[in-house]
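Each remark here refers to the structure printed beneath this line.
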Amino acid sequence: MRMRVASQTKTVLLIYLGRQGLFPFTSAITRAFLQRADHKALLAVSRENVDFAQFADLGERLIPVDTFRRGLGALQFWRARSIGRELAQRVKQEGITHVVTLMPHVWSWAIAPALRAAGARYCTILHDAQRHPGDHRGLAHPLLMRDIAVADQVFTLSDSVARHAIEAGRLDPSRNVTLFHPVLGEPRSYLPPPALGEPWRVLFLGRIMAYKGLPLLVAALKRLNAQGRRISLTVMGEGDLAAEQAELTAMGANIINRWVGDEEMAKALSLHHLLMLSHVEASQSGIAAMALGAAMPVVATPVGGLREQIEDGETGVLARAVDATAFGDALCRVMDDPELYRYIGRTIAARRDAHSSERFVDLMIKALD
């Protein structure tokens with residue numbers, strides 16, 4: 001869909017009702033919105049969010065929302081209707097023209113009608129068009145998808161997600177605007193390739209679930225280790241390592257199997273040469289966005305939106321197929337060509353502004369109809 005540009009000043013209400021803190025994406029987009037001088041932005045955030053105290057300095061621009069502390073509280077849909085009425089009053093009081101849900105919540109679809117009735121255009125950002133294999137949180141996916149059914153406008157972060165939602169009959173193409181996943185985190189100088197005799201430090205980062213393809217990565221590295229390749233692997237994130245635990249230990253991997261905060265992830269990115277995205281299925285990757293924000297090259301499988309985030313030979317390397325041999329070959333392309341590694345790092349840094357959260361918000365504001 002071609003974006004329609006409107007010149008009038010907008011007053012935008014951002015909504016994030018999650019409890020687990022603001023993810024790097026939602027945090028970056030919120031900050032970019034609130035820093036705009038040409039449009040007014042307010043933020044409605046769950047009082048149960050673990051990072052709620054961080055928003056105290058927003059003053060009157062912060063709208064606290066009472067949601068729930070435990071998962072079973074999500075079943076209290078009547079409370080969502082009440083929240084919708086409360087936010088609708090603020091829509092009228094503040095002259096809010098647009099509401100943007102940064103990440104769909106199980107209650108978003110129930111809140112939206114009151115906001116639209118109060119005169120605001122209701123918009124949402126669709127992150128995933130289908131449930132990821134092995135992600136138990138995806139059980140709520142049907143409720144999240146109801147949000148796009150009631151939205152006036154839907155923003156997607158990749159053509160892949162938009163296409164899946166449209167082909168499934170869940171998204172009207174006329175209501176969709178596809179942007180991009182912005183890079184995240186603070187820029188840094190990319191690491192030089194390892195000195196002769198030193199290993200390449202590679203990182204598998206994030207929640208460990210079936211669709212992330214850890215077995216594929218392990219198989220690829222076993223093959224390369226057998227060839228005498230010097231590779232040091234770190235696996236960092238919460239989740240069930242299952243059958244891979246023994247093999248990871250045998251290959252001497254550094255295993256940090258627990259929840260990892262944003263600061264710890266940023267530090268891990270700064271200490272490794274390459275990010276490994278061995279996904280067997282994907283929408284787009286917030287971890288890839290963090291790596292690119294840190295000018296860190298990415299080795300990825302050619303699935304979903306990863307093919308849009310990672311440009312082969314420019315911002316990373318894409319495997320030719322979704323299997324261990326192809327993934328290992330992709331890693332070897334970088335290891336065998338230090339100049340390619342340097343070129344990718346320079347290219348990522350040079351393209352940062354074009355993929356920034358500020359540009360993302362600029363394009364979104366221009367597209368709001």
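At-a-glance table
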{"read-out": "Residue, surrounded by the most Cβ atoms within 10 Å (Cβ to Cβ), within segment 355-369, restricted to residues that are under 17 Å from the mean Cα position of the chain (by Cα) and in a helix (DSSP H, G or I)", "value": "VAL361"}
{"read-out": "Residue check for ALA6: modelled with pLDDT under 85 and either in a loop (DSSP other than H, G, I, E, B) or farther than 30 Å from VAL260 by Cβ (or both)", "value": "yes"}
{"read-out": "Segment 242-267 - residue that is over 21 Å from LEU224 (Cα atoms) and in contact with a Leu (Cβ under 8 Å, 6 or more places away or on another chain) and, of those, surrounded by the fewest Cβ atoms within 10 Å (Cβ to Cβ)", "value": "ASN257"}
{"read-out": "Top-ranked residue in segment 247-293 [being out of contact with any Ser or Thr (no Cβ under 7 Å at 6 or more places or on another chain) and of a type in the set (S, T, N, Q); ranked as nearest to PHE155 (Cα to Cα)]", "value": "SER285"}
{"read-out": "Filter pass, HIS272 being over 15 Å from the mean Cα position of the chain (by Cα), in a loop (DSSP other than H, G, I, E, B) and touching a residue at least 40 places away in the same chain (Cβ under 8 Å)", "value": "yes"}
{"read-out": "Leading residue by the ranking (modelled with the lowest pLDDT) among those in segment 115-160 that are among the aliphatic types (A, V, I, L, M) and surrounded by fewer than 21 Cβ atoms within 10 Å (Cβ to Cβ)", "value": "LEU139"}
{"read-out": "Among the candidates LEU205, LEU143, LEU191, residue that is touching a residue at least 60 places away in the same chain (Cβ under 8 Å) and within 22 Å of the chain's Cα centre (by Cα)", "value": "LEU205"}
{"read-out": "Within segment 303-340, considering residues that are buried (at least 16 other Cβ atoms within 10 Å of the Cβ) and of a type in the set (Lys, Arg), the one nearest to ASP128 (Cα to Cα)", "value": "ARG307"}
{"read-out": "Selected residue (criterion: farthest from SER357 (Cα to Cα)) from residues of segment 293-334 that are of a type in the set (Ser, Thr, Tyr) and within 21 Å of the chain's Cα centre (by Cα)", "value": "THR301"}
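Yes/no per residue for (1) in contact (Cβ under 8 Å) with a residue 40 or more places away in the chain; (2) hydroxyl-bearing (Ser, Thr, Tyr); (3) assigned by TED's automatic domain parsing to the domain that holds VAL177; (4) out of contact with any Gly (no Cβ under 7 Å at 6 or more places or on another chain):
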| site | (1), (2), (3), (4) |
| --- | --- |
| ASN254 | no, no, no, yes |
| GLU264 | no, no, no, yes |
| MET276 | yes, no, no, yes |
| VAL298 | no, no, no, no |
| ASP312 | no, no, no, yes |
| VAL317 | no, no, no, yes |
| LEU331 | yes, no, no, yes |
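This table checks each residue for (1) modelled with pLDDT under 95; (2) over 19 Å from VAL317 (Cβ atoms); (3) in contact with a Phe, Trp or Tyr (Cβ under 9 Å, 6 or more places away or on another chain).
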{"site": "SER232", "(1), (2), (3)": "no, no, yes"}
{"site": "GLU238", "(1), (2), (3)": "yes, yes, yes"}
{"site": "ALA243", "(1), (2), (3)": "yes, yes, no"}
{"site": "ILE255", "(1), (2), (3)": "no, yes, no"}
{"site": "VAL260", "(1), (2), (3)": "yes, yes, no"}
{"site": "ALA266", "(1), (2), (3)": "yes, yes, no"}
{"site": "GLN284", "(1), (2), (3)": "yes, no, yes"}
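The values are calculated or read from the model by the stated rules, or taken from the named source; none is laboratory data. These numbers come from a predicted model, not from an experiment. For neighbour counting, all protein chains shown are included, and Cβ atoms are generated from backbone atoms with ideal geometry for every residue, glycine included.
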